[in-house]
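Novice: Here's a structure for you.
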Amino acid sequence: MNRLTRTMMIGRLLKPLEDGGLSLLGTRANIVAVFVDVFRQKLMEEELGYKKASSIIYNVGQFTGQQAWNLIAKKKGMEKRMPLKKLFEYNLGQSEFIGRGKLILQLFNLKEKIFVLHLTSSFAKEYKRLFGNSKNCVDHIYRGMAAAFGKAIFKEPCLCIETKCIAKGNEICEFIVKPTKKFKLKKKEKDLFLMESMPSFKELGAKKEPYA
Ligand SMILES: [Zn+2]
């Protein structure tokens, strides 16, 4: 997608509100520099430990992915009138509009229940710029989002592992998504901490789902 098309689409998606706020796809949004997200993640890792911090961020990613899918697929009725792969690619395209990076679907196999994504992650680029090469992959928010998309597509709980990360010095970030039970035990155990059950939005006291 070229920059002019993106500029026009961003103009259509973001609307100024009377009270000084912004609306993105009908919900309140704001524009935040990526270094703020990087700082938050680093602080959480430092204060809570790598596993706990990653798990919380992964959970937030899952929630975000689930909300994005609900908004586009269900609320706009696209789940009924669009082939699943096309709908998925449409969802992935939204990533560019909100500045997270370009997402490319490398592999999609509905029968085998697996997909592979490549991402030019803005977050990983900023992480590397500010902290140098990381020894771990850093895009837990994206892993959670991809896992939520996997669950919506394959209709069972999915896990996402990040096999390459720009923050580690790779050219691209790579994510593999499959149903959790399809991962070999060793690999699964390594990332199992991400699946830690956490309170839902409503259990935390929210009166409704954001896009309900
Ligand atoms: Zn990454």
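The values are calculated or read from the model by the stated rules, or taken from the named source; none is laboratory data. Being a predicted model, the structure only gives us computed values, none of them experimental. Neighbour counts are summed over all protein chains in view; Cβ atoms, including those assigned to glycine, are modelled from backbone coordinates with ideal geometry.
Novice: Which is in contact with an Asp or Glu (Cβ under 6 Å, 6 or more places away or on another chain), polar (S, T, N, Q) and part of a helix (DSSP H, G or I), of Ser55, Ser95?
Specialist: Only one candidate passes the filter, namely Ser55.
Novice: Condition check: within 16 Å of the ligand (Cβ to nearest atom) and acidic (Asp, Glu). Does Glu196 satisfy that?
Specialist: No; evaluated as a whole, the condition is false for this residue.
Novice: Being within 16 Å of the ligand (Cβ to nearest atom) and free of Cβ contacts under 8 Å to residues at least 24 places away in the same chain is the filter here; which residues of the range 164-193 pass it?
Specialist: Result: Asn170, Glu171.
Novice: Only one of these is over 15 Å from the mean Cα position of the chain (by Cα) and crowded, with 17+ Cβ neighbours inside 10 Å: Leu87, Leu130. Name it.
Specialist: On inspection, the qualifying residue turns out to be Leu87.
Novice: Okay, moving on. What number goes with the only condition from (1) outside any loop (DSSP other than H, G, I, E, B); (2) crowded, with 24+ Cβ neighbours inside 10 Å that Val138 does not pass?
Specialist: Exception for Val138: condition (1).
Novice: Looking only at residues that are in contact (Cβ under 8 Å) with a residue 60 or more places away in the chain and out of contact with any Phe, Trp or Tyr (no Cβ under 8 Å at 6 or more places or on another chain) in the range 126-156, which one is nearest to Ile56 (Cα to Cα)?
Specialist: Ranking the candidates gives Met145 first.
Novice: Of all residues in the range 102-129, which are in a helix (DSSP H, G or I) and within 12 Å of the ligand (Cβ to nearest atom)?
Specialist: Ser122, Phe123, Ala124, Lys125, Glu126, Tyr127, Lys128
Novice: Scan the range 1-30 for residues that are under 25 Å from Ile104 (Cβ atoms) and in a loop (DSSP other than H, G, I, E, B) and jot them down.
Specialist: Correct list: Met1, Asn2, Leu25.
Novice: Same structure again: Name the one entry in Gly144, Gly132 that is out of contact with any Asp or Glu (no Cβ under 7 Å at 6 or more places or on another chain), assigned by TED's automatic domain parsing to the domain that holds Leu87, within 15 Å of the ligand (Cβ to nearest atom) and over 17 Å from Phe88 (Cα atoms).
Specialist: Gly132
Novice: Here is a follow-up. Checking Leu204 against (1) in the same structural domain as Glu89 (by TED's automatic domain parsing); (2) closer than 19 Å to Ala53 by Cβ, only one condition comes out false. Which one?
Specialist: (1)
Novice: Could you tell me whether any residue of the range 159-181 is part of a helix (DSSP H, G or I) and either at pLDDT below 95 or not assigned by TED's automatic domain parsing to the domain that holds Gly101 (or both)?
Specialist: yes
Novice: Moving on. I'd like the residue in the range 9-53 that is hydrophobic (A, V, I, L, M, F, W, C) and loosely packed, with under 11 Cβ neighbours inside 10 Å and, out of all such residues, is farthest from Ser197 (Cα to Cα).
Specialist: Ranking the candidates gives Leu17 first.
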